[in-house]
Amino acid sequence: MPNILNVHELRKTYSSGGAELTVLDDITFSVPAGTTFALVGPSGSGKTTLLGLCAGLDTPNAGSVELCGADLGSLSEDERALLRNRQVGFIFQNFQLLPTLTALENVSVPLELQGDPRAVESARELLAKVGLADRGHHYPSQLSGGEQQRVALARAFANRPQVLFADEPTGNLDEETGSRVVSLLFDLNKEAGTTLIIVTHDTDLARRCDRLLRLKGGRVFERQELNV
Amino acid sequence: METLPPETRKAGFGWLLQMAWRDGRASLHRLVLFMGSIVLGIGALVAIQNFGLTLEETIAGQSKELMGADYLVDSDQPPTAGFLDTINQLPGTFRREVNFATMVSFPDRAGTRLVRVRGMEAGYPFYGALETTPAGAAETYIPEGAALLDATLMTQYRLKPGDSVKLGNLTLPIAGGIDLAPGNTAVTTSVAPVIWIPYEQIDKTGLIQVGSRVGYNFYFKVAPDADLQAIYDLWDPIMDRNNADVDLHTDTSQRLGRRFENVGRFLKLVAFIALLLGCLGIASSVHIYMKEKRQFIAILKCLGATRRQSFLIFLLQISGIGLLGGVLGTGMGLALQQIFPRFVRDFLPLELDWSIHWGPVLLGLLLGLVMAVLFGLLPLLNTWLISPLAVLRIGHLPSRLSKRLTALVLGIILLVIWGVSALLLEQPFRALAFVLGIAFTFALLAGIAWGFMRGIRRFFPHSWGFEARQSLLNLFRPNNQTLVLVLAIGIGTFLISTLYFSQDLLLARAQVEDGRPAANLILLDVQAGQQQAVAETTRAQGLPVMENIPIVTMRLEKIKDRTVNDIREDTTSTVSQWILSHEFRVTYRDSLIESEQLKAGQWVSAYNGEVPVPVSLSDNVARDAQVTVGDRLLFNVQGVLMETEVASIREVDWGRMQLNFSVVFPPGVLDNAPRFHVLTTRAPDAETSAALQQSLVRGFPNITVLDIRQLLEVVSDILDKIGWVIRFMAFFSILTGFIVLLGAVRTSKFQRIRESVLLRTLGAKGGQILKIAALEYLFLGAIGSVMGVLLSLGATELLARNIFETPFIPSWVPFGVVIPVICLLVLGIGLLNSRSVLRSTPLEVLRREGV
Ligand SMILES: Nc1ncnc2c1ncn2[C@@H]1O[C@H](COP(=O)(O)OP(=O)(O)O)[C@@H](O)[C@H]1O
Ligand SMILES: [Mg+2]
């Protein structure tokens, strides 16, 4: 099975006020295509930072990231944007829907960016799949947190990504809503055969993944193969 | 990379437009402020530009109606037989007019009035209407030997047709009131209302005597295809030699246009300032808007939009708003200009034909776009630097634009401002000075505001109460808009108080200085034989004779050995033309008066019989005649030639309400020349003044009385009308400043809410939070408005020195009214915005704002 993500000796430092702060150091791991992968660790251990680097939203100080066969370090910002548009989906703790666009428009944007002439129809189908067929014309502020996250799910799968990054997708939701969203996430994932890389505090959620990487203080603390 | 699909499949321009529309639609309430700035700025500009063109066109199109003829010949000397021969050779048919100022009385009513009498021949005006009430009076007044009076005069003295009017020795029945006549305006007629009487009756008034200032006009009508310029070129030199002038109807309209030129320039300046304030509004509201759009852009980039795409979406949106603002602003401007006639109606002797001019309209439409894009460019370029990482980290700040790019954009902005102002003012260099001045004021304000903030930080008043300290600290909260706010408030105040001060300058010129009791009645044209009797009449009323000034009229015959005719014909001569044919009103006295200062030579206080006679010239006459101390002048004193030498040159303050003279003789030379006198007195009130005027008119009909009090009323009336326009335009600027203020206050709302929630959680009471907010706005308002007023003191001093040439004594209005009002406005807007913060509980606020 080929790897969709290869991370090699990654390091990230921040300098603030003259002092160097190493947030991530010597991180190496791989994620095989079509599997589910959990990133866990205490708050401040560098999970979000790592996710950002893997998705090409940020650049490392040392090491390399290979995503979908492309070396992110050799791509320009716009090439990385193009890569994200074609191959990557995102889900965030605080949903990050475009506040001035309706639910339907939010879902269709990734498709429209690809120039898909059927963008709106596909988006409507996806909204139906997450159970929000009749909420397409609503703005994010008119939706509950769980509904917003479902719209975000629909948007994440809209461009049929090869890999989907999720940063604490249930962090802002109550337990019941959170578990419904997680079920939906895994169902959609299974159906699409997408690789899922998920940052979470939730041990139940982590246990449903194939592999697990535990960070502590910016270093790899533990690797587990759970359901392989 | 086979995973990346072909380039052909990507979102096109249509999608960018669609995104701009989608986002704009939902952000409309945020864009209102932005649009408001554009609309107001462009509205003012288009209104004034279009109005200016309308005015120009109207004046040019109706110049014949203004003059009532194709051309005229005017002279201030009684026509001789030879002169009349020449007049008869001029092309076309003509009508004659004799006009002069005099006092009239109404036998049926009490009261006397200074008027301008026009003795007219039948047939004038050739063009334009002479509209009267009753309508037939225009035709009948000459055959019936009656008078036409200004309608205002009729109402003022409650006169009706059939009543009589007494001019000198002549009493005429009144045929009717004049509603509209060529060349009449409310302003000119309120100084001296006009009375038309038949030409043949003039002599019977007995008012034309030595020293009377009488105008003799000949109005001509020529064939429609006649070449007026050729007539002018041929005849004007000939008329010059007869101390007369040829005036084409086009010259008159040009002169009228020129009279409006300064008003026009001033209005354009004001419009431009409104536009600049609009730009300030755009810059700050786009800045705020794009800050709010950071997250949107980060998400878009995360979803795979390129930097170019995200930039273009908002460029399109801002351009769209700019275009829309331009359209609305232009429409508003065209509607707005309908208000202006209220102000010019009294100055303009004709009806305006409204029309829409394409120049201002195009300019308005184009400027909306250009201003929006230009002043939004920096925040727009900033989108380039927004990182998609911001979706993971709230508050992740984009890196800053490079200094070079920022400088480049600012450079382009200054260049465009200069271009637009050069276009408006039609003077590139003055426009440059103006733009630099504005930039300098801006920089100065920004510098002072910045220094002030640093000063507060460094010398923080730790001893102040909790609320005061907290509110000061708020001025430095991260992401604060303090500088923008202070700039906006400061510039707004600066403009308003500069306008106020300038108005004061204009008014001060017309006011008689306080302290010393000045004369307020001037008796003109008192004949030499009448002066004793007139003085006695005055004293009999209990009034003092303050001055008794003799006046002798004379013309120049030779300047430094060259006759004036010689100089007139010499095309290379640079001696001013007016000097050559001017009738000088000369006085004699032994000392300088208050408004004079010796600049060169020796003042001669007594005449010892020498020839040439030593005389003193005012500096402007010396300059225009190109003579200095020691040069000779030959005067023609009503037939007697008198050799003189320039003994001294005086600087004269013509602005003083005082009789000033350009030529002064020593006493003892002109005692026997035909002369008349000017007497001045001071009446304590209007009744005493009226009583004196009445007894004077009864006893000495040839005397003209100038009532300064009445004149000042007219002047301040005129200034009030100009002030109305100034205030209207200033209001426009304030409105724009308001928008800037609203925008700036709104940006900080979010932070304010969090702070107040925090304070409340820590146990602060609602009242304390209100006090903190109030004090903060008060600080902002005070810093901005005080700085604005102080800067305007400097600017007005510059204006006073360079343009108005008058000493500047600041009035208290900007200090006493403008500063408090601005502070209260800022406070009001601020507190209105904090209302929701204060009303709700911490939890409610947190939930609503969805932090
Ligand atoms: N821009 C930054 N500057 C300095 N330190 C940062 C910055 N962003 C994150 N950090 C630090 O990096 C560490 C890891 O953060 P993060 O990746 O958000 O951890 P996690 O997601 O595991 O909670 C934290 O200690 C955080 O303070
Ligand atoms: Mg995190």
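Based on Cβ point charges of +1 for Lys and Arg and -1 for Asp and Glu, what charge dipole magnitude is obtained for the protein assembly as shown about its Cα centre, in debye rounded to the nearest 20? Intermediate results must be reported in sequence, preceding the final value.
Details: 97 positive and 101 negative charges, 1048 e Å.
With Lys and Arg at +1 and Asp and Glu at -1, about 5040 debye.
Any idea what the relative contact order of chain A is, in percent, if you count C-alpha pairs under 8 Å spaced at least 6 apart? Mind dumping the intermediate values first?
Values: 451 pairs, mean separation 62.5, N = 228.
For chain A, the relative contact order is 27 percent.
First measure r as the distance between the Cβ atoms of B:LYS765 and B:TRP384, then evaluate 1/(1 + (r/R0)^6) with R0 = 51 Å and state the FRET efficiency to the nearest 0.05.
Numbers: r = 46 Å, r/R0 = 0.90.
E between B:LYS765 and B:TRP384, to the nearest 0.05, is 0.65.
Considering only segment A:3-225, what is the antiparallel percent among its DSSP beta bridges, to the nearest 5?
On the way: 23 of 40 bridges.
That works out to approximately 60 percent antiparallel.
Roughly how many whole Å is it from the C-alpha centroid of segment A:190-228 to that of segment A:34-77?
Centre-to-centre (Cα) distance: 14 Å.
Just to confirm the filter: which GluC sites (Glu not before Pro) across segment B:7-71 are DSSP coil and have at most 14 other Cβ within 10 angstrom of their Cβ? Could you put the intermediate results ahead of the total?
On the way: sites: B:GLU7, B:GLU56, B:GLU57, B:GLU65; in loops: B:GLU7.
In loop regions of segment B:7-71 (DSSP not H, G, I, E or B), the sparsely surrounded GluC sites (Glu not before Pro) are B:GLU7.
Could you work out the mean count of beta carbons from other protein chains within 10 Å of each residue's beta carbon in B:25-31? Present the calculation step by step, with values, prior to reporting the outcome.
Numbers: counts 2, 8, 2, 1, 0, 1, 0.
Partner Cβ neighbours, averaged per residue: 2.
For a quick check: with amide H placed at 1.01 Å from N, whose amide H comes under 5 Å from B:VAL678's, ignoring anything fewer than 5 positions away on the same chain?
Those qualifying (amide H under 5 Å, at least 5 residues apart or on another chain) are B:ILE549, B:ILE551.
How many angstrom separate the Cα center of segment B:527-575 from the Cα center of segment B:408-461?
Comparing the Cα centres of segment B:527-575 and segment B:408-461, I get a distance of 52 Å.
Answer with one residue from B:THR563, B:VAL705, A:GLY146: the one whose Cα lies farthest towards the positive end of the charge dipole of the protein assembly as shown, charges on Cβ with Lys, Arg +1 and Asp, Glu -1.
Of B:THR563, B:VAL705, A:GLY146, it is A:GLY146.
Check each of the chymotrypsin sites (Phe, Trp or Tyr not before Pro) in segment B:72-167 and keep only those in coil by DSSP with at most 14 other C-beta atoms within 10 angstrom; list them in order. All intermediate terms of the calculation are to be shown ahead of the outcome.
On the way: sites: B:PHE83, B:PHE94, B:PHE100, B:PHE126, B:TYR127, B:TYR141, B:TYR157; in loops: B:PHE126, B:TYR127, B:TYR141, B:TYR157.
For chymotrypsin sites (Phe, Trp or Tyr not before Pro) across segment B:72-167 that sit outside H, G, I, E and B with at most 14 neighbouring Cβ atoms in 10 Å, the list is empty.
So what are the ³J(HN,Hα) numbers for segment B:523-535, from phi and the Karplus equation (6.51, -1.76, 1.60; θ = phi - 60°), rounded to whole Hz, Gly and Pro as x?
Along segment B:523-535, the couplings run 9, 9, 6, 7, 6, 3, x, 9, 4, 4, 5, 5, 4 Hz.
Which whole-Hz couplings ³J(HN,Hα) result when phi for each residue of segment B:612-618 is put into the Karplus expression 6.51 cos²θ - 1.76 cosθ + 1.60, θ = phi - 60°, listed in order with x for Gly and Pro?
My calculation for segment B:612-618 gives x, 6, x, 10, 10, 10, 6 Hz in order.
Determine ³J(HN,Hα), in whole Hz, for all residues of segment B:41-55 in sequence, where each value follows from phi through the Karplus function 6.51 cos²θ - 1.76 cosθ + 1.60 and θ = phi - 60°; x replaces Gly and Pro.
Taking θ as phi minus 60°, the curve returns x, 6, x, 4, 5, 5, 4, 6, 4, 5, 5, x, 5, 4, 4 Hz for segment B:41-55.
Quick note: the coordinates plus some simple rules give every number you see, no bench work behind them. In this text the structure is predicted, and so the values were computed from the model without any measurement. Here Cβ is always computed from backbone atoms with ideal geometry, including for glycine, and neighbour counts include all displayed protein chains.
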